[in-house]
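Comments concern the structure below.
The values are calculated or read from the model by the stated rules, or taken from the named source; none is laboratory data. As the structure is a prediction and not an experimental result, all values here were calculated from the model. With ideal geometry, Cβ positions are generated from the backbone for all residues, glycine too; neighbour counts draw on all protein chains shown. For accessibility, only protein heavy atoms count, side chains too; no ligands or nucleic acids. Shrake-Rupley method; radii C 1.70, N 1.55, O 1.52, S 1.80 Å.
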Amino acid sequence: MNILLSTSLLFIFMLSPRIGFAASDAEIKGCAALSQKCQPFIDGTILERQGISPLDHWGFGIDSTEQYGQFYPCVPILHPYDPNGNDGQSSQYSIDDDRAGVLKSSIRLKLPAVLFYETLPKAVQAATLGVPLVNLELYFITQDLPWIRELPILFRPHYWLDPKAPEIQAGYNRNFNTDIQFFHGPNDLKIAGTDKTGAPFQTHTADHLKVVSSPNNCPVTGIPYDEDFSFFSLVKSGDRTAVTMHSILSSKAQRTLDGCLSAWPIPGKISLHDLDVYTKEIEDLRNFRQTLFWINF
């Protein structure tokens, strides 16, 4: 079986709501055609290493914004209200003594909507019906959750909604009208409360001079801690729409992925195709691969 066809079968299995779904010949051919359409992007896209270890990352097409003394990706992510433990309790926040609760996002990738829109789950396509592809931003991102379970985790679209927010500016305050939804995640994963739609959504405030992501809106419940999991998020604001495929890594999977990337023989660069081949047989990265291969490797 050729690579395109076999990966298309994986794609069909992943996105089907029915366990044991048997794909028809037409569906297999359709997914194979999508794979072939996307293949030049897969083969030609290079992820470049940015930043300094241990907080380096490999990315394509996603900028960073400086908040909390860190460079967060300008896409929706998950983190606690006070990710660094700036109240002096950072050691109690963290499950990773080496990074003291500092988020690690190793892979950051922007995808051309014109190529990959048809690969999205049907529910996501339905929720973005009528959105011009020129206004639709598609992302894939990995991250870990290096915080203790007692610390509530929040969904933070702030860095996509307001990517140019300054780190320091007196009186800085921003609000956006938003629509936020989750798809294809663990059954219990959801945004609690009413933050996801309706009233203006506040992203940042300045406490004296330092700008922070505030208030503690969009709390997330149902997180399967200590497991790898994934989900799609959808954020709409004005004429902008972002669909993000989140690959959430356990501490073990995060260390394995970082080890693979640091050992890559070509310093500073790796192609998506090579990333596919390089991680194929690594059991700890199975969920990461299945999530990434939503884009039809």
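Farthest towards the positive end of the charge dipole of segment 97-152, among the residues 151, 106, 119, is the Cα of 119, using unit charges on the Cβ of Lys, Arg, Asp and Glu.
Remark: segment 109-252 carries 43 Å² of accessible area per residue (probe radius 1.4 Å; ligands, DNA and RNA excluded). According to the calculation over all Cα-Cα pairs in segment 141-188, the P(r) per 5 Å bin from zero is 4, 11, 18, 22, 20, 16, 6, 2, 0 %. Working ranking of peptides 240-253, 264-277 by packing, defined as the average number of other Cβ atoms within 10 Å per residue, highest first, is 240-253, 264-277. With N the number of residues in segment 179-274, Rg(Cα) / (2.2 N^0.38 Å) evaluates to 1.41. Protection proxy ranking for 137-148, 222-233, using the average of other Cβ atoms within 10 Å per residue and placing the highest first: 137-148, 222-233. Taking amide H atoms as placed 1.01 Å from N in the peptide plane, the amide H of residue 174 lies under 5 Å from those of 203, 204, each 5 or more residues away in sequence or on another chain.
Computed 3J(HN,Hα) for segment 221-236, one whole-Hz value per residue from the Karplus formula 6.51 cos²θ - 1.76 cosθ + 1.60 where θ = phi - 60°, is 10, x, 6, x, 4, 6, 10, 7, 8, 8, 6, 9, 10, 10, 10, 10, glycine and proline marked x.
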